[in-house]
1. Assess whether residue 264 counts as being outside any loop (DSSP other than H, G, I, E, B) and in contact with an Asp or Glu (Cβ under 6 Å, 6 or more places away or on another chain).
2. Could you list, in sequence order, all residues of the range 252-272 that are open to solvent by 10 Å² or more (accessible area, probe 1.4 Å), touching a residue at least 60 places away in the same chain (Cβ under 8 Å) and under 12 Å from the mean Cα position of the chain (by Cα)?
3. Output yes when any residue across the range 121-131 is closer than 23 Å to residue 228 by Cα, open to solvent by 20 Å² or more (accessible area, probe 1.4 Å) and modelled with pLDDT of 95 or more, and no when none is.
4. Can you tell me which residues in the range 142-201 are within 25 Å of residue 297 (Cα to Cα) and of a type in the set (Phe, Trp, Tyr)?
5. For the range 140-169, which positions are assigned to a loop (DSSP other than H, G, I, E, B) and not hydrophobic (A, V, I, L, M, F, W, C)?
6. So which pairs qualify, if the first residue must be in the range 47-66 and open to solvent by 20 Å² or more (accessible area, probe 1.4 Å), the second must be part of a helix (DSSP H, G or I) and hydroxyl-bearing (Ser, Thr, Tyr), the Cβ gap must be under 9 Å, and the two must be at least 6 apart or on different chains?
7. Determine if the range 276-283 includes at least one residue that is farther than 25 Å from residue 101 by Cβ, over 14 Å from the mean Cα position of the chain (by Cα) and either open to solvent by less than 10 Å² (accessible area, probe 1.4 Å) or hydroxyl-bearing (Ser, Thr, Tyr) (or both).
8. Those residues that are within 21 Å of residue 130 (Cα to Cα), part of a strand (DSSP E or B) and open to solvent by 30 Å² or more (accessible area, probe 1.4 Å), I need them from the range 170-222; list them, please.
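The values are calculated or read from the model by the stated rules, or taken from the named source; none is laboratory data. From a predicted model like this one, the values you see are computed outputs, not experimental measurements. Cβ placement follows ideal geometry from the backbone for every residue including glycine, while neighbour counts extend to all protein chains displayed. Accessible surface is based on the protein model in full, side chains and every heavy atom, while ligands, DNA and RNA are left aside. Shrake-Rupley method; radii C 1.70, N 1.55, O 1.52, S 1.80 Å.
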Amino acid sequence: MNGGFPINFDRETEWETPDEIWLTRSLCFEGLLQARSLIGSRPRGVMLDPQVQAALVGQWLDRLPDAADLRVPQALDPAYFRRKSEGECEMNDKPVYTLHETTPGALDQMRAHKEPYEVDVAGRSILVLPGVWSPKYDWSSLFYVEHFPDVSGRSFLEIGSGTGVISVFAGLRGASSVVAVDVNPEAVRNSQLNFERHRLSDAQAFQSEGFAAVRGRFDVITWNAPYHGSRPDDLLERGCADEDYRGIRAFFREVRDYLSPHGTIVFGFSESGDLPLIRALIAAAGFRIHRELSDWRQEYNCMLLELTAVEGWDQNEPDMKGQIES
């Protein structure tokens, strides 16, 4: 309907000047572009990308005659738009997350396997059991292996191990001990079978919801975390979906209790997920990003965030505690 100007959606002539309607027009148009990118997925209502909102507001302010009087720093902060959108959302007062367009097809391929099969990852044969998230259809495990930090002589814990492929390479690269946990009992069995296949004597796998069954502290803690905040349909889908990122929130609430002094967290994620939220959780938990790697392959993005603790961080500081608990 003419982008809102000069005739608005009710077909009445608008009295606003063009510079007052630019922002509405650009937001409407960007919403159409974002909606087009979701064709074929299962959206139930999607928030307009916070970073896009921030960028458009910034450009709009730059074009206004009195921009200097109107510019507000928080108006250019993507987190501000995310909080505003969450507060104004009509669907349970929170954003509704969906799977990336490439993910349903990968899930269908994984579910089609009814017998164990083997996958080559960086020259090593990895056994995959039916019902376990597979590196055959997701290259994030290979990305981990390609860019993993030095674990030689260090104790190693993996949350959400799946087939155990990342833990296998940690053991092969000299980790002093390897512990792999997963909520999926088939994934636990799969990890243990791969430890035996690669003759890792000081490696164990057991079932745990996050850190629930874990004891002790570790030099390196890693999680190739679910990218999507949508509700998973089954245990397999929990390999890529964590409803409202509840598991990730719990991870950052608890991880300090299991990390050795001067230990390292290696956290896998993707631009396909709510990356602004992840960055906020990292900061709220008292960590900084020491190294960040990102790559696009097979039409989606994978990231590795290497985290170290911030010295002097106070876990009882109200603003930080509020961010990670909410």
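1. It is false that residue 264 is outside any loop (DSSP other than H, G, I, E, B) and in contact with an Asp or Glu (Cβ under 6 Å, 6 or more places away or on another chain).
2. Within the range 252-272, 272 is the sole residue that qualifies.
3. yes
4. 143, 144, 148, 169
5. Correct list: 149, 150, 152, 153, 154, 160, 161, 162, 163, 164.
6. Between residues of the range 47-66 that are open to solvent by 20 Å² or more (accessible area, probe 1.4 Å) and residues that are part of a helix (DSSP H, G or I) and hydroxyl-bearing (Ser, Thr, Tyr), the close pairs are 47/85; 48/85; 53/80; 53/85; 56/26; 59/26; 60/26.
7. Scanning the range 276-283, I find no residue that is farther than 25 Å from residue 101 by Cβ, over 14 Å from the mean Cα position of the chain (by Cα) and either open to solvent by less than 10 Å² (accessible area, probe 1.4 Å) or hydroxyl-bearing (Ser, Thr, Tyr) (or both), so the answer is no.
8. Step one: list which residues in the range 170-222 are within 21 Å of residue 130 (Cα to Cα), which gives 180-198, 204-209.
Filter again for part of a strand (DSSP E or B), leaving 180-182, 204-207.
Matches in the range 170-222: 204, 206, 207.
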